[in-house]
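First the structure, in the form of structure tokens, and then the observations on it.
The values are calculated or read from the model by the stated rules, or taken from the named source; none is laboratory data. Note that the structure is a prediction, hence the values are computed from the model and not measured. Using ideal geometry, Cβ is built from the backbone for each residue, glycine included, and neighbour counts are taken over all protein chains shown. For accessibility, only protein heavy atoms count, side chains too; no ligands or nucleic acids. Shrake-Rupley method; radii C 1.70, N 1.55, O 1.52, S 1.80 Å.
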Amino acid sequence: MKCTIHAARQFTRGTVDPRLFGSFVEQLGRAVYGGVYEVDHPASDEEGLRTDVMNLVRELDVPVVRFPGGNYVSNFNWEDSIGPKESRPTRLDLAWKALDPNQFGLQEFMHWARKVGTEPMMVFNLGTRGLAEARELVEYCNHPGGSYLSDLRKQHGSPEPYAIKLWGLGNEMDGPWQVGHKTAEEYGRLACEVAKAVKLFDPSLELVACGSSNVFMPTFPQWEETVLDHAYEVVDYLSLHMYFRNDEKDIATFLACSAGMDSFIETVVHVCDYVKAKKRSKKTMYLCFDEWNVWFHSLQKDKEQKPWIVGPALLEDVYTFEDALVVGCLLNSLLRHCDRVKIACLAQLVNTIAPIMTETGGPAWRQTIYWPFYYASKYGRGEVLDCRVEVGSYENAQYGTIPYADTLLVHHPDTGEIDMFVVNRHQQQALAIELDLSGFSGSYTLFEHIALEHQDQYAVNDKLHPDEVVPKQIFHGDIGSIVEVAPLTWNLLRFHP
Ligand code: AHR
């Protein structure tokens with residue numbers, strides 16, 4: 001099947017904020033204990049941080065990591081996680097029914113973040129707590145010294161402020177499952193007052209208000225409107241969360257789910273702009289898609305997990321080749337909306353619904369979904385081109401008309417290079433991709449083609465077979481401008497002038 005893509009230099013969707021390739025470490029399951037932190041592991045450094053995991057995180061080049069939750073944060077006392085480790089209390093985490101020993105706290109996370117070269121996105125507990133604790137946490141983290149809490153941080157061994165710029169105003173506060181769940185009115189008022197208070201401390205802090213937990217919430221999109229009615233002028237981003245699943249083993253629908261992500265983003269943009277118009281505001285609200293991924297493989301197993309232990313094996317989805325294709329489509333969706341989605345966090349990073357998997361006491365390896373994320377993070381930072389794509393399509397009961405090719409082009413003005421991410425959703429036919437760059441001056445040549453392909457859509461990477469699903473270099477070298485991409489594959493095509 002033919003697929004022709006037309007692009008012009010002048011027509012771009014926007015410049016990608018590198019924070020679109022962020023991720024998330026929640027105090028959940030083995031994300032921390034047995035994941036990023038494992039004191040007795042042979043690969044751990046003097047702080048108990050697993051260097052094998054850190055190497056993979058560095059390789060993924062994740063510019064921002066959200067912490068410490070998630071549902072966890074809504075009954076978390078930040079003060080429990082600071083100071084000498086031996087005097088920190090063990091608490092019950094009500095969100096995940098686990099024991100929380102508080103051994104990997106604020107300082108440990110900040111050290112880890114510095115070591116892997118990422119910026120923190122710290123989330124306030126607006127479930128069981130509120131304005132006072134949020135204000136105190138900011139003082140502890142960011143004030144240089146001379147006040148009670150900033151001096152306490154110094155006493156705890158961090159003389160320099162953590163300088164955390166990006167803060168989340170709670171997590172999924174619209175969800176009845178959330179500890180301290182609120183109505184939109186209650187949350188909107190609280191978010192506004194917390195935002196006002198912490199911006200008195202430092203107006204340059206960037207704040208993310210909670211949008212809906214997913215597109216199917218009965219309160220969506222009224223929640224967004226009400227929250228923004230209260231907080232529009234004092235927050236900088238509105239959050240979106242969305243997880244995708246394939247319980248029916250229906251690959252055509254599963255691969256189409258990025259159309260669901262597109263329409264979710266576009267609806268939220270409309271609500272933001274509606275509130276902007278109502279308020280006669282000059283400010284544009286940006287979006288922070290701070291939880292997204294495939295999540296369903298582990299749901300049944302999690303029901304059997306023993307409660308109240310440290311680091312239970314929860315949400316350990318083992319991702320298939322098919323999931324990697326879907327993650328490739330979802331990344332394209334985020335990139336397509338780079339004019340409004342400035343920050344996104346793949347949920348999550350290690351062990352819990354994650355691209356990096358570890359065995360406690362054993363090795364770390366890359367899951368299938370690691371690969372599309374790795375390449376998007378490496379080659380997706382540039383200007384997204386506004387293309388016109390001519391390709392066949394199929395009808396899907398859930399998502400409507402779906403093109404067989406999910407394509408995304410990123411132009412890098414410094415080198416002139418154009419990188420294309422393409423998922424071929426066709427289950428039988430190859431796509432003959434032709435790139436029409438007549439809107440650019442000079443000719444372009446395809447010089448590299450990397451693909452993720454596998455005969456078995458359910459193939460996985462695991463401890464014994466960590467390289468079952470890995471990218472293949474299809475070719476390297478100048479060979480022209482039409483290329484075939486095989487059925488059910490993710491591809492990176494690189495063109496240079
Ligand atoms: O990422 C797993 C969980 O999904 C998070 O804790 C919560 O915010 C969401 O429901």
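Numbers at a glance
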{"quantity": "Whichever residue in the stretch 79-127 is of a type in the set (Asp, Glu) and open to solvent by less than 60 Å² (accessible area, probe 1.4 Å) and, among such residues, is nearest to His181 (Cα to Cα)", "calculated": "Asp93"}
{"quantity": "Extreme residue, farthest from Leu493 (Cα to Cα), among residues of the stretch 436-475 that are open to solvent by 50 Å² or more (accessible area, probe 1.4 Å) and among the hydrophobic types (A, V, I, L, M, F, W, C)", "calculated": "Leu464"}
{"quantity": "When residues of the stretch 379-415 are limited to those that are over 27 Å from the mean Cα position of the chain (by Cα) and over 13 Å from Ala7 (Cβ atoms), the one surrounded by the most Cβ atoms within 10 Å (Cβ to Cβ)", "calculated": "Val391"}
{"quantity": "Residues satisfying the stated conditions in the stretch 186-205, i.e. buried (at least 19 other Cβ atoms within 10 Å of the Cβ) and of a type outside the set (Gly, Ala, Ser)", "calculated": "Tyr187, Leu190, Cys192, Val194, Val198"}
{"quantity": "Given (1) away from the ligand (no atom under 16 Å from the Cβ); (2) within 30 Å of Gly34 (Cβ to Cβ); (3) not in a helix (DSSP H, G or I), number of the condition Glu316 does not satisfy", "calculated": "(1)"}
{"quantity": "Tyr162 being farther than 18 Å from Val62 by Cα and touching a residue at least 12 places away in the same chain (Cβ under 8 Å)", "calculated": "yes"}
{"quantity": "Among the candidates Gly105, Gly83, Gly168, Gly157, residue that is touching a helix residue (DSSP H, G or I) at 6+ places or on another chain (Cβ under 6 Å) and closer than 28 Å to Pro63 by Cα", "calculated": "Gly105"}
{"quantity": "Among the residues listed as Leu20, Leu106, Leu28, the single one being touching a Phe, Trp or Tyr at 6+ places or on another chain (Cβ under 7 Å), more than 16 Å from the ligand (Cβ to nearest atom) and hydrophobic (A, V, I, L, M, F, W, C)", "calculated": "Leu106"}
{"quantity": "Among the residues listed as Asp462, Asp467, the single one being free of Cβ contacts under 8 Å to residues at least 24 places away in the same chain and either of a type outside the set (Asp, Glu) or not in a strand (DSSP E or B) (or both)", "calculated": "Asp467"}
{"quantity": "Gly69 being within 16 Å of the ligand (Cβ to nearest atom) and either farther than 21 Å from Leu137 by Cβ or assigned to a loop (DSSP other than H, G, I, E, B) (or both)", "calculated": "yes"}
{"quantity": "Condition met for Ala277 (among the aliphatic types (A, V, I, L, M) and open to solvent by 40 Å² or more (accessible area, probe 1.4 Å))", "calculated": "yes"}
{"quantity": "The one condition in (1) among the small types (Gly, Ala, Ser); (2) surrounded by 22 or more Cβ atoms within 10 Å (Cβ to Cβ); (3) under 25 Å from Pro307 (Cα atoms) that Ala134 fails to fulfil", "calculated": "(3)"}
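Per-residue answers, yes or no, for (1) within 16 Å of the ligand (Cβ to nearest atom); (2) modelled with pLDDT under 95; (3) touching a His at 6+ places or on another chain (Cβ under 8 Å); (4) among the aromatic types (Phe, Trp, Tyr):
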| residue | (1), (2), (3), (4) |
| --- | --- |
| Glu266 | no, no, yes, no |
| Val294 | yes, no, no, no |
| Ile309 | no, no, no, no |
| Leu334 | no, no, no, no |
